[in-house]
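Engineer: Quick one: this structure, given as structure tokens, is what I'll be asking you about.
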Amino acid sequence: MFNTKVLPKIWQLVAVTVMMSLLLAACAARAPTAAPEPTAAPTAAPTVAPTAEPTAAPAVTTIIQDFENAPKLYDGNGAKASAGDVAYNGAASLKSASDSGEWHTVGLEFASPMDFSAYQALCYYVYDTTGNNNGKANNTVGVKLYDAAGKSVERYTDNEGVGDNLKTKKDNWVLMCMNLVSFTDIDQKQVAKIEFTMYWAGNYYFDDLTLLATGDKLTLKEQPAAPAGEEVAPVLAQGFESEGENFYADYQAEVSRDTTTFHGGAASLKAFGDKGEWHAFGAYPSTRPFDASKFGKLCFWINDTTTNNAGKADNTVGVKLFDASGANQEVWTDNALAGTNGKTVTGEFVQMCMNLDAYSDVDLTKLDKIQLALYWAGTYYVDDIEFSGAAAAAAPQPLTIQDFESKDENFYADYQAEVSRDTTVFRGGEAALKVFGEKGDWHAFGAYPSTRPFDASTFGKLCFWINDTTTNNAGKADNTVGVKLFDASGANQEVWTDNALAGTNGKTVTGEFVQMCMNLDAYTDIDLTKLDKIQFAMFWAGTYYVDDIELVPAGDVASKPAGEKASEALVAQDFESEGENFYADYQAEVSRDTTTFHGGAASLKAFGDKGDWHAFGAYPSTRPLDVTKYSKMCFWINDTTTNNAGKADNTVGVKLFDASGANQEVWTDNALAGENGKTVTGEFVQMCMNLDAYSDIDLTKLDKIQLAMFWAGTYYVDDIEFQP
């Protein structure tokens, strides 16, 4: 039982405790609010700003499978999957082989599930050897993606929402890109397999599966020109000089022959619509039907008098072709498949050209009508419709026969040389052949073609890239190279790069990759149908790197020929003009600034007030600009940010665009770019990019120069120039 006699003592104890608590609280309330001065200085608070490059980055266009390193292939429906010996790049591809039946599928299983979710499109190159559609191939491709859970979705290249794609072309590589947003109902963060389906039996090859970043474009390597003797002269299909019935109205248009406004001759087709939207009219070729199959393009001149777009014409044109059966297909002038076209200009004749490859749904051997569509009501004049350019012919493609990407034994030492595969210095891919000779004169080493022996007899040149680190010639490399070819019998012949029979080559440059090409006609003493070894000779001891040994078809050029170099620098943009010579791309406001500049009296100012990643660019003063005679592109940048431990200390992404829209980004700290420091807060710093790093664009037609910075803030760019 509970003892009630202790209760008074407990309550007394509780009362004392409460009183003490109240007394302490009162004392605390009267305590001073400021802490006493510390007897020692506190340590500096750590900065919260990152001190290194941010790791988060947007998706970058990436080749996810090039089929060079024995990926996991599998057979599907009615077809055998294997490594193909026809390749877009390198030496291998995915081959789909079948000899009968309909619908044929092969597949690839990724080494581990891949994340497609941040990308715009899945692209690949396809080579179709079949000739079922009037001998043209002319097929669509089915692509099925599987996620790690086994769910799948299949889309065809001509499905709605996939994007615009050409159809296959017999014995030619064709680029196809499929918008990933159309592949619904699978987990795109866990893509485990991909399958390709073709209808007809036969052999197909797929290469360079690529995840395309938003805003990027890929372009097909230029197809070889038609063999000699197959060139075709332009043909004027309709000039409207005759008063016969050579035109017609289709929708909301009145048409007539006009002799007051024309491009050539003495007349044109006049089309007028006084109201409404969408106006269509057309012309007949002078010979109906007309065989346009041997031509590459259809071109026409158009004069647009409308001013509906902010006082300008500025319109695209729909071009619909009809064959004699009535089948028809419309492609617009701004469609990537059409080629590169501008827009209409008020009151001026502008020429537009359409790639006939885009018209795969009509019989171009029996072209019957050419129809144009414009949106706005008004008056238009059309003149001089012609066919030009030879259609692409099936011909050998440039072929890389050794790029040292494989870890196989694809090289050897011959004399006073140590050889190894190097992954720190390379021209393309991820590796090169490194050669070191410690002492002595004359050093020889070589490489094997990926297929031994290899039939090189249909090619015109053997090309390679070499990086020579020696400085024995007045402080420079400046060497020639001996190139000895062996056939399978052991017969061999050596020709030096400065031999007139080899062609035109420069000399090596210290610390830079230089391409050299050897005319195969010079090698008359060996059997080029059985090429077995490629051997190089250098005089001086030292270190050399060799990469990307390539065979080039006769009459073609190498992937980047070593041509005549410019003798002085070219300023491409200094922002002195007040014209529209710059643009904003992402989270940036741009303007011409006359308070902060490197040279002259103005620069480009770019400002982003928040967010990560900021992109902006400039146009060269001449567009497009041929920069192939130059080695570097340099620019000055003033970075006012202080996000890296109180300093700017940033690298810069430099993306170059050609006139087709193809583009490639290289960062200033990329080894291929050359040696660059980082930005300095409030100071102009020059950075230079080796143009050899930009192998995916056409440097004969440079159109835009774009810069990317991670941090928000203000940047100034000035004096963009190209240097020898």
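The values are calculated or read from the model by the stated rules, or taken from the named source; none is laboratory data. Predicted, not measured: the structure shown is a model, and the values here were computed from it. In this analysis, Cβ positions are derived from the backbone assuming ideal geometry, glycine residues included, and neighbour counts consider all displayed protein chains. Surface accessibility is based on the protein's heavy atoms, side chains included, excluding ligands, DNA and RNA. Shrake-Rupley method; radii C 1.70, N 1.55, O 1.52, S 1.80 Å.
Engineer: Which entries in Lys144/Lys369; Lys169/Lys369; Lys80/Lys461; Lys434/Lys530; Lys407/Lys484; Lys169/Lys533 show an alpha-carbon gap greater than 32 Å?
Structural biologist: Numbers: Lys144/Lys369 38 Å; Lys169/Lys369 24 Å; Lys80/Lys461 34 Å; Lys434/Lys530 26 Å; Lys407/Lys484 24 Å; Lys169/Lys533 34 Å.
Among Lys144/Lys369; Lys169/Lys369; Lys80/Lys461; Lys434/Lys530; Lys407/Lys484; Lys169/Lys533, the Cα-Cα distance tops 32 Å for Lys144/Lys369; Lys80/Lys461; Lys169/Lys533.
Engineer: What list of ³J(HN,Hα) couplings, whole Hz, do you get for the range 402-410 from phi and the Karplus terms 6.51, -1.76, 1.60, once you set θ to phi - 60° and write x for glycine and proline?
Structural biologist: Calculated HN-Hα couplings, in order: 6, 10, 6, 6, 6, 8, 5, 7, 10 Hz.
Engineer: If you count, for each residue, the other Cβ atoms within 10 Å and average over each peptide, how do 108-119, 296-307 line up from highest to lowest? Don't skip to the end; give the middle numbers.
Structural biologist: Numbers: 108-119: 15.8, 296-307: 21.1.
Put in order of decreasing packing, that is 296-307, 108-119.
Engineer: OK, next. Report the calculated FRET efficiency for Ala500 and Thr379 (r = Cβ-Cβ distance, R0 = 41 Å), to the nearest 0.05. Present the calculation step by step, with values, prior to reporting the outcome.
Structural biologist: Details: r = 61 Å, r/R0 = 1.48.
Result of the calculation: an efficiency of 0.10.
Engineer: Sort 643-652, 479-488 by packing, meaning the average of other beta carbons within 10 Å per residue, with the highest value first. All intermediate terms of the calculation are to be shown ahead of the outcome.
Structural biologist: Values: 643-652: 18.7, 479-488: 20.3.
In decreasing order of mean packing, 643-652, 479-488 become 479-488, 643-652.
Engineer: Subtracting the Cα-Cα distance from 0.36 nm times the residue separation, let me have the gained length for Thr424 to Ala70 in nm, one decimal. Each step should come with its number before you reach the end.
Structural biologist: On the way: separation 354, 0.36 × 354 = 127.44 nm, distance 2.32 nm.
My answer for the length gained is 125.1 nm.
Engineer: Could you compute how much accessible surface Cys517 exposes when probed at 1.4 Å, giving the result in Å² to the nearest 10?
Structural biologist: Accessible area of Cys517: about 20 Å².
Engineer: By per-residue mean of other Cβ atoms within 10 Å, what is the highest-first order of 422-430, 164-172? Please list the in-between numbers first.
Structural biologist: Working: 422-430: 17.7, 164-172: 20.2.
Final packing ranking: 164-172, 422-430.
Engineer: Which percent of the Cα-Cα distances in the range 618-677 go past 15 Å? Write out the running numbers ahead of the final one.
Structural biologist: Details: 1110 of 1770 pairs.
Of the Cα pairs, 63 percent sit more than 15 Å apart.
Engineer: Given only helices, namely DSSP H runs of n ≥ 4 each adding -39500 (n - 2.57), what is the per-residue ellipticity at 222 nm of the chain, to the nearest 500 deg cm²/dmol? Don't skip to the answer; put the middle values down first.
Structural biologist: Details: 1 runs with 23 residues, N = 724.
One gets -1000 deg cm²/dmol as the mean residue ellipticity at 222 nm.
Engineer: Over the range 325-368, with every protein chain in place, what whole percent of the accessible area is carbon and sulfur at 1.4 Å, could you tell me?
Structural biologist: Values: 840 of 1940 Å².
Whole-percent figure for carbon plus sulfur exposure: 43.
Engineer: OK, next. Can you work out ³J(HN,Hα) from phi for every residue in the range 462-475, in order, using Karplus 6.51 cos²θ - 1.76 cosθ + 1.60 and θ = phi - 60°, giving whole Hz and x for Gly and Pro?
Structural biologist: So the Karplus estimates, Gly and Pro as x, are 10, 10, 8, 10, 9, 10, 10, 8, 6, 9, 7, 9, 6, x Hz.
Engineer: If ligands, DNA and RNA are left out, what is the accessible area of Ser268 with a 1.4 Å probe, given in Å² to the nearest 10?
Structural biologist: So the heavy atoms of Ser268 present about 0 Å² to solvent.
Engineer: Quick one: Karplus J couplings for the range 675-686, per residue in order, coefficients 6.51, -1.76, 1.60, θ = phi - 60°, nearest Hz, x for Gly and Pro?
Structural biologist: With the stated coefficients, the range 675-686 comes to 9, 9, x, 10, 5, 10, 4, x, 10, 7, 10, 8 Hz.
Engineer: Further question on the same structure: Tell me the relative contact order for the chain as a rounded percent, counting alpha carbon contacts under 8 Å between residues six or more apart. Don't skip to the answer; put the middle values down first.
Structural biologist: Numbers: 1856 pairs, mean separation 70.0, N = 724.
After rounding, I find 10 percent.
Engineer: Eigenvalues of the Cα gyration tensor times 5, then square-rooted: what semi-axes does that give for the range 268-350, in whole angstrom, largest first?
Structural biologist: On the way: eigenvalues 124, 49, 31 Å².
Gyration-tensor ellipsoid for the range 268-350: 25, 16, 13 Å.
Engineer: Between Asp455 and Ser591, what is the spin-label point distance in nm, taking each point 7 Å from the Cα along the Cα→C-beta axis?
Structural biologist: Using points 7 Å along Cα→Cβ, the separation is 6.6 nm.
Engineer: Here's another thing I want to ask about it. Using 7 Å Cα-to-Cβ label points, what is the Ser489/Ser152 separation (nm, one decimal)?
Structural biologist: The answer from the label model is 5.2 nm.
Engineer: Determine the alpha carbon to alpha carbon distance for each of Lys167/Lys701; Lys610/Lys678; Lys217/Lys297; Lys136/Lys312 and list only those over 30 Å.
Structural biologist: Lys136/Lys312
Engineer: Which angle between 0 and 90 degrees, to the nearest 10, do you get for helix 7-29 versus the longest principal axis of the chain when only C-alpha atoms count?
Structural biologist: 60
Engineer: Sticking with this one: Please compute the volume of the convex hull spanned by the alpha-carbon atoms of the chain and report it per residue in Å³. Show your work: numbers first, answer last.
Structural biologist: Details: hull volume 243.2 nm³, N = 724.
For the chain, the hull spanned by Cα atoms encloses 336 Å³ per residue.
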